[in-house]
Amino acid sequence: MYNGGKIILGLAVFAGLVTFPFLYNIGQADRQPDLKLDTPVIRQMAVKHCVEPKAFMRAEHMQLLNDWRNEALRQGNREYVSSTGEKYNISLQNTCLHCHSNKKKFCDECHNYMAVHPYCFDCHLQPKENVQ
Amino acid sequence: MSMDRRQFMKIAGLSAVLGIGGSLIIDKAGHAGLGAGPRYEQGPNAIEAKRWGMVIDAGKIKTGEDYKRIIKACHSIHNVPDFGEAKDEVKWIWTDDYEHTFPSAENPFMDQTYKEKPFLLMCNHCEFPACVRVCPTKATFKRPDGIVVMDYHRCIGCRFCMAACPFGARSFNWRDPRPFIKQVNPEYPTRMKGVVEKCTFCVERLAKGQGPACAEASNGAMVYGDLMDPNSEIRKILATTYTIRRKPELGTEPSIFYVIGGSENNA
C-alpha cells in the first residue's frame with residue numbers, strides 16, 4: 001500500500017471527528033423536556049384533565065388540532081364533544097391556551113427538544129405573559 | 001442455494017402477508033384510541049341561513065363618524081392591520097365613491113350628493129364567486145350558507161383570487177401585519193406575511209349567535225339575513241325597496257344590496 005501510514009492516520013482523524021459528538025456526550029443524560037402545568041386556570045381545576053386523556057393528547061394532539069381546524073373552519077362545527085361527553089369550544093387561542101397559558105413552558109419545551117417548528121403562532125396569538 | 005418456483009412463491013406470499021398484517025397491527029397499536037368516537041357540533045347558539053346576504057341603506061350612513069365607527073368595529077375585532085399607506089392597505093370593509101362602486105350605473109347628470117358620497121364596500125359573498133374558482137389550493141371556498149371564506153392555513157399567497165375578484169375585496173399581506181395592529185383582540189388570530197385576507201361575514205360571530213360586527217355598529221343602516229327565506233327582514237326590504245348591486249353584469253350574483261336614495265331619509 002502506497003502512503004499507507006498517511007492513509008491510516010487520515011482515516012483515524014476522520015473517524016475521530018465523526019464520532020466526537022457521541023464520544024463527548026457519552027455517559028451524560030440529556031436534559032428531558034420539563035413540561036409545566038402550573039397555570040392559574042389549571043391550578044383551580046378540581047380534577048386536572050385535558051379535553052382528552054393525557055396519553056392521547058401526548059401522542060395525537062397535532063392530529064386533533066388538525067381535525068379541529070378543519071371542522072371549525074370548513075364544516076362550521078365549532079363545538080367538540082369529547083370521548084367523555086364534555087363539550088368544548090373549538091379554539092386554539094381561547095380554549096387550549098386558556099388553560100395552557102404558559103406556552104414557553106408547555107408547547108415550546110417539547111417542540112424545541114424534538115426540533116419541530118409548528119407555525120401555529122405565526123397567526124394565532126400567544127397568551128399575554130409570553131409576548132416579549 | 002437453489003430454489004424452485006414453488007418455494008419462491010411460498011416465501012413471497014408469506015412475506016407479503018407478514019408485511020401488510022404487521023403494518024396494520026403497528027398502525028393500530030401506534031395510535032392511542034379514543035373508544036366512543038368524539039363528535040363535532042355546531043354549537044347551541046349558532047344562527048343559520050341558506051344564503052346570507054346584507055342590505056346597506058346608503059342614505060342612513062351620513063357622517064364621517066358613521067363610516068369610521070362601522071369600519072373600526074370590523075377592523076378592531078378582526079385584528080386588521082393598518083400599514084399607513086395605500087399601496088399595502090389591508091381592508092375588510094372600506095369606502096369608495098359612486099363612480100367606482102357602481103361603474104355601470106353612472107351618468108353625468110346624477111344627484112350630486114350621491115355622486116360624491118362614499119359607499120361602504122365589503123366582500124359581496126357572491127353566489128358564483130370568481131375567487132373560489134381560481135384558488136389552486138381550495139383555501140378560498142363557499143360555505144353551504146353562501147359565505148365565501150378563507151382557510152389561511154392553506155393560502156399560498158399566489159393572489160389569483162385578487163386578480164379574479166371584480167370588487168377588490170381581497171388584500172395581500174406584503175409585510176408581517178403584527179406590528180401594525182394598533183390594539184390586538186386576543187380572542188381572534190392575526191394573519192401572517194404572505195397570505196390574502198378578506199371579510200368573513202363574521203362567521204365566528206354567527207356561530208355564537210351574533211350578527212356581523214358592521215351591521216351591529218351601523219344603527220340599522222345595514223341589515224343582514226337569509227336571502228332564501230321569504231319571511232326574513234332582508235327579503236321584506238328587498239321586496240319593497242329599490243336596490244342595486246355592484247357590477248351585476250359580471251354574473252357573480254353578489255349578496256350585498258344597496259339602497260340608494262331611500263324614501264324615508266335623505267343623504
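Over the Cα atoms of the stretch B:202-267, what is the Rg over Rh ratio if Rh follows Kirkwood? Over the Cα atoms of the stretch B:202-267, Rg/Rh equals 0.98. When the Kirkwood radius is taken over all Cα pairs of the stretch B:24-183, what Stokes-Einstein diffusion coefficient follows at 25 °C and 0.890 mPa s, in µm²/s? Approximately 128 µm²/s, per Stokes-Einstein. Length, then width, then depth: along the principal axes, the Cα atoms of chain B run 99, 43, 39 Å. Rounded to the nearest 20 debye, the dipole size of the stretch A:34-130 about its Cα centre is 200 debye, using +1 on the Cβ of Lys and Arg and -1 on the Cβ of Asp and Glu. Charge dipole of the protein assembly as shown (Cα centre as origin; +1 on each Lys and Arg Cβ, -1 on each Asp and Glu Cβ, all else neutral): 1080 debye, rounded to the nearest 20. Separation of the stretch B:105-136 and the stretch A:1-50, taken as the distance between their Cα centroids, equals 61 angstrom.
Over chain A, DSSP H runs of length four or greater, each weighted -39,500 (n - 2.57), average out per residue to a 222 nm ellipticity of -11500 deg cm²/dmol.
Note on the protein assembly as shown: Cα Rg divided by 2.2 N^0.38 Å, N the number of residues, gives 1.35. Each listed q (0.13, 0.21, 0.23 Å⁻¹) maps to a log10 I(q)/I(0) for the stretch A:1-88 from the Debye sum over equal C-alpha point scatterers, namely -0.69, -1.12, -1.20. Per-residue shielding of B:40-49, expressed as the average number of other chain Cβ atoms within 10 Å of the residue Cβ, stands at 4. Computing FRET efficiency as 1/(1 + (r/R0)^6) for residue A:98 and residue A:11, where r is the C-beta to C-beta distance and R0 is 56 Å, gives about 0.45. Along the axis of the charge dipole computed for the stretch A:34-130 (Cβ charges of +1 for Lys and Arg, -1 for Asp and Glu, origin at the Cα centre), the listed residues A:93, A:115, A:81 are led at the positive end by A:93. The mean count of C-beta atoms from other chains within 10 Å of the C-beta of residues in A:80-87, rounded to a whole number, is 4. Translational diffusion coefficient of the stretch B:145-217 (Stokes-Einstein, Kirkwood radius from Cα pairs, 10 °C, 1.306 mPa s): 115 µm²/s. Considering helices alone, the calculated mean residue ellipticity of chain B at 222 nm is -8000 deg cm²/dmol, with DSSP H runs of length four and up weighted by -39500 (n - 2.57) and normalised per residue. Short-range pairs are left out: with C-alpha atoms under 8 Å and at least six residues apart, the relative contact order of the stretch A:34-130 is 33 percent. May I ask for the Kirkwood hydrodynamic radius of the stretch A:34-130, worked out over all distinct Cα pairs and given in angstroms to one decimal? In the stretch A:34-130 this quantity evaluates to 14.3 Å. A simple charge model with +1 on the Cβ of Lys and Arg, -1 on the Cβ of Asp and Glu and nothing else charged puts the dipole of the stretch B:63-217 at about 720 debye relative to its Cα centre. Note the angle between two axes, namely the Cα long axis of helix A:4-24 and the longest principal axis of the Cα atoms of chain A, as a number of degrees from 0 to 90, rounded to the nearest 10. Relative to chain A, helix A:4-24 is tipped by roughly 30 degrees. Remark: B:206, A:35, B:18 ranked as B:18, A:35, B:206, counting other beta-carbon atoms within 10 Å and listing the fewest first.
Just so you know, all these numbers are worked out from the coordinates, no wet-lab data involved. These numbers were taken from a predicted model, which means no experiment stands behind them. Reconstructed Cβ throughout: ideal geometry from the backbone, glycine too, with neighbour counts over all protein chains shown.
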